Structure formats: C-alpha cells, structure tokens
C-alpha cells in the first residue's frame, strides 16, 4: 500500500504520464527491478494508482458524507469532503481525477476506461443524492438530478483550476458560494 500511496501522491503532481518506475523507485528507496516486479508494466502501475485513488476517495469523501442525513446535509457533506480531498497534503497536485482527466481525455485504453468508470460512478452518486434530496422534499420536484450532478461536478473542476493553476486565494470561498447558490436554486 505504501508503494501505491507514494505513487498516487507523485502522480497527482506529475500526471500519469510523468509517473515512472525509476522515479518512484528513488522516492521509495527501492531498486527499479524490485519495483517493476510488483507491477510488470508502467500501465499496470498507473492502473493500480488510479484504483488506489478511487479506493482512497471512497474512504475520505464518500463514506464520511454518507454518515450525514439524507438530502441537503449529505450533499453539503459530500462537497466539503471533496474540498478536503482536493487539498489533501498527500495529493500535492490536487485531485488525481481532475488532474488526469485532461491527460487521458483523448487517449483510448485501459487507463481512460478506469478513469471514466470512476467519474461515471461519481456523477451517478451525486445524482442519486440529489434524487434522495428530492424525495426528502428538500429539492423541488422538477429538479433534474443529472443536471444537478453536472453543476456540482463543474464546481469541483472549477475549484481545482482556480486553486491549483491560478492560485486564487478566494477559490474555496467562491466554490462554497457557488455550491450554496446551487442548493438555493434547487430547494423546494
């Protein structure tokens, strides 16, 4: 697990393409051949890094959010835990999924498929939470859960862009304001 955690941290900083067995071996103080024996290929290492990221995301973002009551409180918890995830010290370059989405968008294959599966699950989770908020009568009946998920996710991508690339000191407060505007517009 330490190997994959270090690889995840490094990958968030340099991208999947920048992740090398040689550099990872140096970071872990291992031999390249010893590290290669764990993964058999760079692509297998990259796939396992994405899966490790997905597993950690579930533990750090999704599972704690599911502890909140259904409806708006759960969506608010999900958003806050995502912000914590994106700013985690172990993700030096921010959210691994946000940072690799551009890198993999035009690259068909197993890596893109893995990322796409994770992102579809993420959007589906947000949409299902929006449906639950509608059932709880927190949101109006006409709410489109998929549109809500689209807008929610758009805010996470914007936050990543403004906090990481532009280094806007107001990025987090702007993201929270945008999210609260979305909640207000969705209320019953």
task = Go through (1) in contact with a helix residue (DSSP H, G or I) (Cβ under 9 Å, 6 or more places away or on another chain); (2) over 19 Å from residue 62 (Cβ atoms); (3) surrounded by 12 or more Cβ atoms within 10 Å (Cβ to Cβ) and name the single condition residue 132 misses.
result = (2)
request  = Check whether at least one residue in region 169-182 is farther than 21 Å from residue 105 by Cα, at pLDDT 95 or above and not in a helix (DSSP H, G or I), and report yes or no.
outcome  = yes
ask   = Regarding residue 118, is this residue surrounded by 13 or more Cβ atoms within 10 Å (Cβ to Cβ), in contact with a strand residue (DSSP E or B) (Cβ under 7 Å, 6 or more places away or on another chain) and either touching a residue at least 40 places away in the same chain (Cβ under 8 Å) or closer than 23 Å to residue 17 by Cα (or both)?
value = no
request  = Select the helices (runs of 4 or more DSSP H) contained entirely in region 6-95, then report the ones holding at least 3 residues which are surrounded by 19 or more Cβ atoms within 10 Å (Cβ to Cβ) and touching a helix residue (DSSP H, G or I) at 6+ places or on another chain (Cβ under 8 Å).
outcome  = 42-57, 72-86
note = Exactly one of 105, 158 is loosely packed, with under 12 Cβ neighbours inside 10 Å, farther than 16 Å from residue 62 by Cβ and without any contact (Cβ under 8 Å) to a residue 40 or more places away in the chain, and that residue is 105
request  = Mind listing whichever residues of region 58-95 are closer than 24 Å to residue 7 by Cβ and touching a residue at least 60 places away in the same chain (Cβ under 8 Å)?
outcome  = 62, 82, 83, 86, 87, 90, 91, 92, 93, 94, 95
task = Determine, yes or no, whether residue 143 is more than 16 Å from the chain's Cα centre (by Cα), surrounded by 16 or more Cβ atoms within 10 Å (Cβ to Cβ) and either part of a loop (DSSP other than H, G, I, E, B) or without any contact (Cβ under 8 Å) to a residue 24 or more places away in the chain (or both).
result = yes
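The values are calculated or read from the model by the stated rules, or taken from the named source; none is laboratory data. Owing to the predicted nature of the structure, the values given are computational and were not obtained by experimental measurement. Backbone-built Cβ (ideal geometry, glycine too); neighbour counts: all protein chains shown.
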